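K.L.:
To start, I am sharing the structure in question, which I have written as structure tokens.
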Amino acid sequence: MKWVVLLRGVNVGGVTVRSAPLSACLQEAGFTGVRSVLASGNVVLEAQDGSARDVQVRAEAALRATFGYDAWVVVLTLQRLAQVAAAYPFVRDDERFHPYVVFTSDPDRLAALAGEHTPDDDEEGEEVALAGDVLYWRCPKGSSTDTPFARRAAAARWKPHLTTRNLRTVVRLLAVAGGA
């Protein structure tokens, strides 16, 4: 089965994971068809058997052993990634805003984060919409680290559970994986 693996917190904050060593690491862990996408912690791979949780555990263990950092990943099927991309609820091509998707390995924690968002946060056009195991987020360009939601999402308590991707990256992953 083909999977998409989204690494959390790489190539920022001192954790550098280059594409070729990342692919080699995951191949050595027994995955096949490993392909790194956009050099920012996005991987498409195949696993002969196992669940998303099995792929997550194997990938995290391999990353920790190879790169020596506290690795966390979110694992999705291509079908689920395609559903996520298709369901983006905000205007996609508004040049004033960035379209993001927040992925999680723990939907309860994502719901807790979404619950901290208030209508007052939307004054600058920032919007947040929880959709089960993902959260859609739209923020003004140039402010993706300093909006109310961005500041909350950056808190240490969310780090092991969340990772954010621009919607364009999600679409690119689908194209590379053959799911778009």
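K.L.:
Here are some conditions: (1) in contact with a Leu (Cβ under 6 Å, 6 or more places away or on another chain); (2) assigned to a loop (DSSP other than H, G, I, E, B). D49 meets all but one. Which one does it not meet?
P.N.:
The failed condition is (1).
K.L.:
A180 - would you say it is at pLDDT below 90 and surrounded by fewer than 16 Cβ atoms within 10 Å (Cβ to Cβ)?
P.N.:
Values: at pLDDT below 90: yes; surrounded by fewer than 16 Cβ atoms within 10 Å (Cβ to Cβ): yes.
Yes.
K.L.:
Would you point out the residue of the range 140-168, among those that are surrounded by 19 or more Cβ atoms within 10 Å (Cβ to Cβ) and within 17 Å of the chain's Cα centre (by Cα), that is farthest from R8 (Cα to Cα)?
P.N.:
So the residue we want is F149.
K.L.:
Then there's this: Does the range 80-116 hold any residues that are surrounded by fewer than 16 Cβ atoms within 10 Å (Cβ to Cβ), of a type in the set (G, A, S) and at pLDDT below 95, and which are they?
P.N.:
A111, A112, G115
K.L.:
How many of the residues making up the range 126-138 are surrounded by 15 or more Cβ atoms within 10 Å (Cβ to Cβ) and at positive phi? Explain how you work it out, then say what you get.
P.N.:
If we filter the range 126-138 for residues that are surrounded by 15 or more Cβ atoms within 10 Å (Cβ to Cβ), which is where we start, we get 126-131, 133-138.
Now narrow it down to the ones that are at positive phi: none.
Residues meeting the conditions: 0.
K.L.:
Among the β-branched types (V, I, T) and in contact with a strand residue (DSSP E or B) (Cβ under 9 Å, 6 or more places away or on another chain): is that true of T145 in this structure? Don't jump to the end; show me each part of the working.
P.N.:
Working: among the β-branched types (V, I, T): yes; in contact with a strand residue (DSSP E or B) (Cβ under 9 Å, 6 or more places away or on another chain): no.
Considered against the rule, which asks whether it is among the β-branched types (V, I, T) and in contact with a strand residue (DSSP E or B) (Cβ under 9 Å, 6 or more places away or on another chain), T145 comes out as no.
K.L.:
Under 8 Å between Cβ atoms, at least 6 apart or on separate chains: pull out the pairs that start in the range 9-23 with a residue that is farther than 21 Å from A155 by Cα and end on any residue that is modelled with pLDDT under 80.
P.N.:
Final answer for the pair search is V17/V10; V17/N11; R18/A39; S19/A39.
K.L.:
Return yes when Y69 is touching a Leu at 6+ places or on another chain (Cβ under 9 Å) and modelled with pLDDT of 95 or more and no when it is not. Walk me through it before giving the result.
P.N.:
Values: touching a Leu at 6+ places or on another chain (Cβ under 9 Å): yes; modelled with pLDDT of 95 or more: no.
Taking the combined requirement at face value, the residue does not satisfy it.
The values are calculated or read from the model by the stated rules, or taken from the named source; none is laboratory data. Computed from a predicted structure; not experimentally measured. Cβ sites come from the backbone with ideal geometry, for glycine too, and all protein chains shown count toward neighbours.
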